[in-house]
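Values in this text are rule-based calculations from the coordinates and carry no lab data. Worth saying up front: this structure is predicted, and the values here are computed from it rather than measured. All Cβ positions, glycine included, derive from the backbone under ideal geometry; neighbour counts span all protein chains shown.
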Amino acid sequence: MPTSILIVEDDLTFSLMLKTWLGKKGFQVNTVSNISRARRELTDNPYDVILSDLRLPDEDGIALLNWMHKHGITSPLIIMTGYADIQSAVQAMKCGANDYISKPVQPDELLKKIREALQTGKDDDATSTPIQEETAKGTDTSIYTNPQNFLEGESEAAHQLYNYVRLVAPTQMSVLINGASGTGKEYVAHHIHQLSKRASKPFVAIDCGSIPKELAASEFFGHVKGSFTGAVTDKTGAFVEANGGTLFLDEIGNLGYDVQIQLLRALQERRIRPVGSTKEIKVDVRVVSATNENLETAIKKGTFREDLYHRINEFTLRMPSLKERQEDILLFANFFLDQANRELGRHLTGFDTQAMAALQRYSWPGNLRQLRNIVMRATLLAQSDYITMREIENELTEQDDPQPIKPSFSLHNEELEKKQILDALRQTNNNKSKAAILLGIDRKTLYNKLKLYNLQ
C-alpha cells in the first residue's frame, strides 16, 4: 500500500501544488483546509504522516496535536509555517510534533523529513519504509494515477460527494452518477475505478449519446467480419475490452430502447454475443453510468426501461454544480491554470485580485467545463504574469449586472491598514486567503503585514 499523507493547509493553491508533487513521488495524498475537517478525516481514516500548517482559520496545528494525543492517534505530524520563529517551533515540538519545516517549503527537505518521520515509527527489524520501497521501484503507486488531472475540492459539497465515492468504490455495486453537463461525472467515475478492487484492470468509457443507433450493439458487444455492411474486420466490443474492470456509460439516457434490452440482458447474464456470432462470451464488468436527465421521468414517458434503471442504480451519486462549490472556484481556477501552463507552454503565476473576485461572483452555468475553457483561453491571451479582467470579462456574462469590485486597501497608512486587516479577518472568520481577496492583496503580502504589525 502507498504511504498515506494528510495535508492540513488553508492556502489552497499551495496545498494543491504540494499534493501534486507528493503524488508524483508515490504517496496517497488527501487535503483539508481547517482543523475541524482534519479531525473528521483522522477519525474516519488512518494516515501514515500528517503535514499541518501552524496557523489555520479555526485553530492552530498545536490544537490538532493535542486532540490527536487525546484520541490516541500516533501518526507523526510535521508542522509547516510561514512564520518560522523559534518559539513556535519549540512549542510545537514540546507538544509532540515529529518535526518542523518553514515556508517556503523546500521539496527535498520535506521529503527527507517525511522519510525520517516514517523511520521513527518503524520497528527495528523492518527492512524499509513504504516510501523507500516505492522510490526504489521508481513508479507512482498512488491511487491517483495522474494527480495532475484530478482534484476533489475543499467545499462541503465536495467532501460529501467524495465521502460517498470512497464508501461505494470498494464494493461491486453499480453506480449511477446524476449531474448537469460539465460537472465532472467522468472524473468521478474514473476515481471510483481507481479506488476499487478492479483498479489494475481496464477502465472503458462509452459516450452513449454519440453512438448511432444502428452501431450501438457493435460498440457494446463487438461484431464479426461480414456481419453487416462495413464490417470488414472483427471488432472487440466495450464489454470485452473492459472485462475484469469498469465500464463507464456516459449519458446512458440517450440509449435507444432496443439497445437497452440488450444491455440489460448482458448485465443480468454476464454474457455477451458479438453481432453476427453464434458464440457467447462470458464477461465480468462493473458498470458505472452517468446522466444529466431525470431517468425516473423517462421511465414514466416510456423511453427508459425501469428494470434497466434498477440494474444500473444500486447506488446514486449527485454531482454538485460549481455554484454550489463556492470554496472550490479559485482552487479549480488555479488547477486549470497549471494544466493550461503545461499544455500551452506558458508560465503564468495566477490571477489578479479583480479577476479572482469576478470568478467567485459568477454563477458558472457551464460548471467545471466552462471554467476550464475560460482559463485555457485566458492563459493563451494573457500579456503579463497574471490573468486579468481583460482576458476574462467578455466570457463572464450574466443577466444581472455584477456588483462593483471592492478596491484594494490603502498601503500607506499604518493605523488604517491594521484596522482594515482586522476587519477583513473578522468578516472571513480568520480565513487569510479570503481576507487577502477582500483587501485586494495576495496572501503573501497579507502574511508580511501581519508579521510587520505584530497581528499574529
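Fully extending the segment from ARG426 to TRP21 would add 142.5 nm, taking 0.36 nm per residue of separation and subtracting the current Cα-Cα distance. Local charge for THR171 was computed over the other residues whose Cβ lies under 12 Å away, with Lys and Arg +1 and Asp and Glu -1, and equals +3. Among ILE299, ILE35, ILE114, the ranking by other beta carbons within 10 Å of each residue's beta carbon, starting with the fewest, stands as ILE299, ILE35, ILE114.
Close amide H pairs (under 5 Å, H built 1.01 Å from N) link TYR100 with ILE79, residues at least 5 positions away or on another chain.
Summing charges over neighbours of ARG39, with a neighbour being any other residue whose Cβ is under 12 Å away from its Cβ, gives -1 when K and R count +1 and D and E count -1. The residues neighbouring ASN98, those whose beta-carbon lies less than 11 Å from its own, together hold a net charge of -1 under the Lys/Arg +1, Asp/Glu -1 convention.
For GLY350, the residues whose modelled amide H falls within less than 5 Å of its own, excluding neighbours fewer than 5 places apart on the same chain, are ILE387. Close amide-amide hydrogen proximity is noted between ILE7 and ASN30, THR31, VAL32, LEU51, each under 5 Å apart and 5 or more residues distant or on a separate chain (H modeled in the peptide plane; Pro and chain starts excluded). Rounded to the nearest 0.05, what FRET efficiency do THR303 and VAL224 give with R0 = 41 Å and r taken as the Cβ-Cβ distance? Could you check? Here the calculated transfer efficiency is 0.85.
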